[in-house]
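What follows is a single structure, written as structure tokens, with notes after it.
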């Protein structure tokens, strides 16, 4: 038995798909071969997990012919998968599953691809609009469609020894204390500028955490976010506020640093879900997006959002230019949530 799974294209969505991957492995057992078809840049998210037997890297714009559409189609035809589960909503992924000859093709009816599916699911609607539904639950419905039993929505990720070794080097380089004395800030977001909390707000928050709570602050960053991380550290102007800006960019390193931290303060971006998966207390900051789409069912997360008449608009950049959904989410309010989480985690450690 071979099952091909088209894995989501965004870091956070891959993490939110882990309950579905876990359900598939439990349902089909070790005798089945589960093959993930996924973007190269998200493959490291699943490093160390046990649900996929193999991966086929797929990126239509890749310089590697084997990762482009026709190269992936050739690989899928050789695999002769019995079932394809489409966690992506693109017409291209459904066409690939159909052309590869899978006898069972399970996915949501979106983007005119309904005729290519053998098992069609429909996103819930309220009138003509999509009803905001947690992605974790949306993905799990696909697993239930192929017979999986009810599965916990708990996210689950892992780190590799190399990731932990890289985090050890960061701890040694910056002379960071043990993880319970480190708060990680994640200021980035690949979705667009509208999700970003102002850099000067992050700097002020970092300074207050370091000075008022006597904790170290580590600013996480991806390859496109190094300059912002450096700006946060410079503006905070505190010896216990440092960043990953001088480290080789690595999803694995971010996972390992977040896993060992006391608290994560983050925008609604991929690393948010690393904290959820590793059970780290969270303060998550929302601007243009509706938290209902990415609700994690995790009680240790505090989600903050400032309500504005124009939101949540789901735009990548503020169409009105004022970005009030994030600018009016004050440092004072976020710091109060941070203080509450630190108090709660301290009580939990004492117990």
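Rule-based calculations on the coordinates, nothing more; no lab input. Given the structure is predicted, the values throughout are model-derived calculations rather than measurements. FYI the Cβ positions are ideal-geometry reconstructions off the backbone, even for glycines, and counts take in every protein chain you see.
Along the Cα→Cβ direction, 7 angstrom out, place labels at residue 55 and residue 165. What is the inter-label distance in nm?
1.9 nm
Provide the percentage of antiparallel DSSP beta bridges, counting only those with both residues in the chain; round to the nearest 5.
Expressed as a percentage, antiparallel bridges in the chain total about 5.
Residues of segment 134-156 with amide nitrogen under 12 Å from the 7 Å Cα-to-Cβ point of residue 26?
Residues 144, 148-155 fall inside that zone.
In segment 30-50, which residues have a backbone nitrogen under 20 Å from the label point lying 7 Å from residue 156's Cα in the Cα-to-Cβ direction?
Answer for segment 30-50: 30-37, 43-50.
For the pair residue 123 and residue 246, how long in nm is the line joining their label points, each one 7 Å along Cα→Cβ?
4.4 nm
Please work out the ratio of the alpha-carbon Rg of segment 155-307 to 2.2 N^0.38 Å and round it to two decimals.
0.96
Sorted from fewest to most neighbouring beta carbons within 10 Å, what does the list 332, 225, 298 look like?
Exposure proxy ranking, most exposed first: 332, 298, 225.
Residue 95 label point, 7 Å along Cα→Cβ, cut-off 15 Å on backbone N: hits in segment 41-77?
59-61, 68-74
Could you calculate, for segment 54-180, the ratio of the Cα radius of gyration to the Kirkwood radius, expressed as Rg to Rh?
1.11
Hey, how many Å between the Cα centroid of segment 192-245 and the Cα centroid of segment 150-185?
Value for the Cα centre distance between the two parts: 18 Å.
Which percentage, to the nearest 5, of the DSSP beta bridges contained in segment 2-145 is antiparallel?
10 percent
Rank by packing, highest mean first: peptides 88-98, 10-20, with packing defined as the count of other Cβ atoms within 10 Å averaged across residues.
10-20, 88-98
I'd like the FRET efficiency for residue 193 and residue 62, computed as 1/(1 + (r/R0)^6) with the beta carbon distance as r and R0 of 25 Å, rounded to 0.05.
Efficiency at R0 = 25 Å is approximately 0.40.
Based on alpha-carbon centroids, what's the gap between segment 254-275 and segment 102-125 in Å, whole number please?
The two parts, judged by their Cα centres, are 33 Å apart.
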